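This report refers to the structure that appears directly beneath it.
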Amino acid sequence: MSQEADLKISEFLDICEEVCPMSFILTKKKLDSLEDGQVLEVLCQAGESLRSISIQMKDEGHLIKSVKREDENHFRIQILKGGGEG
């Protein structure tokens, strides 16, 4: 999708060493520090962290712009603050 290439990342968060619920809490805290319309890119572990962040961010009214596999065990998630229906 060409829009992804144009997406400006406002902040980056590496939570690869964290497990739930800390991975979600740190993501929420960082996202809370951004303004609506800004994008947070999160590098996280595959599995529970990826699922939890994706579900909870949507539930809180944010939009998951992309989820890309980084390697066998890690993913990059781009979250648009306030971009969802929540």
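At a glance:
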item: Selection from segment 45-74 of residues that are charged (D, E, K, R) and touching a Cys at 6+ places or on another chain (Cβ under 8 Å); result: E48
item: First in segment 46-73 and more than 13 Å from S23 (Cα to Cα), second anywhere and among the basic types (K, R) and not in a helix (DSSP H, G or I), Cβ under 7 Å, 6 or more apart; result: H62/K81; K68/R76; E70/R76
item: Helices (runs of 4 or more DSSP H) (entirely within the chain) containing at least 2 residues that are of a type in the set (A, V, I, L, M, F, W, C) and either crowded, with 17+ Cβ neighbours inside 10 Å or in contact with a Ser or Thr (Cβ under 6 Å, 6 or more places away or on another chain) (or both); result: 22-32, 48-59
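Condition check ((1) farther than 13 Å from I9 by Cβ; (2) charged (D, E, K, R); (3) at pLDDT below 95) across all residues:
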{"site": "L26", "(1), (2), (3)": "yes, no, no"}
{"site": "K30", "(1), (2), (3)": "no, yes, no"}
{"site": "G37", "(1), (2), (3)": "no, no, no"}
{"site": "E48", "(1), (2), (3)": "yes, yes, yes"}
{"site": "L63", "(1), (2), (3)": "yes, no, no"}
{"site": "K68", "(1), (2), (3)": "no, yes, no"}
{"site": "R76", "(1), (2), (3)": "no, yes, no"}
{"site": "G83", "(1), (2), (3)": "yes, no, yes"}
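The values are calculated or read from the model by the stated rules, or taken from the named source; none is laboratory data. Because the structure is a prediction, the values reported are computed rather than measured. As a convention, Cβ positions derive from the backbone with ideal geometry for all residues, glycine included, and neighbour counts pool all protein chains shown.
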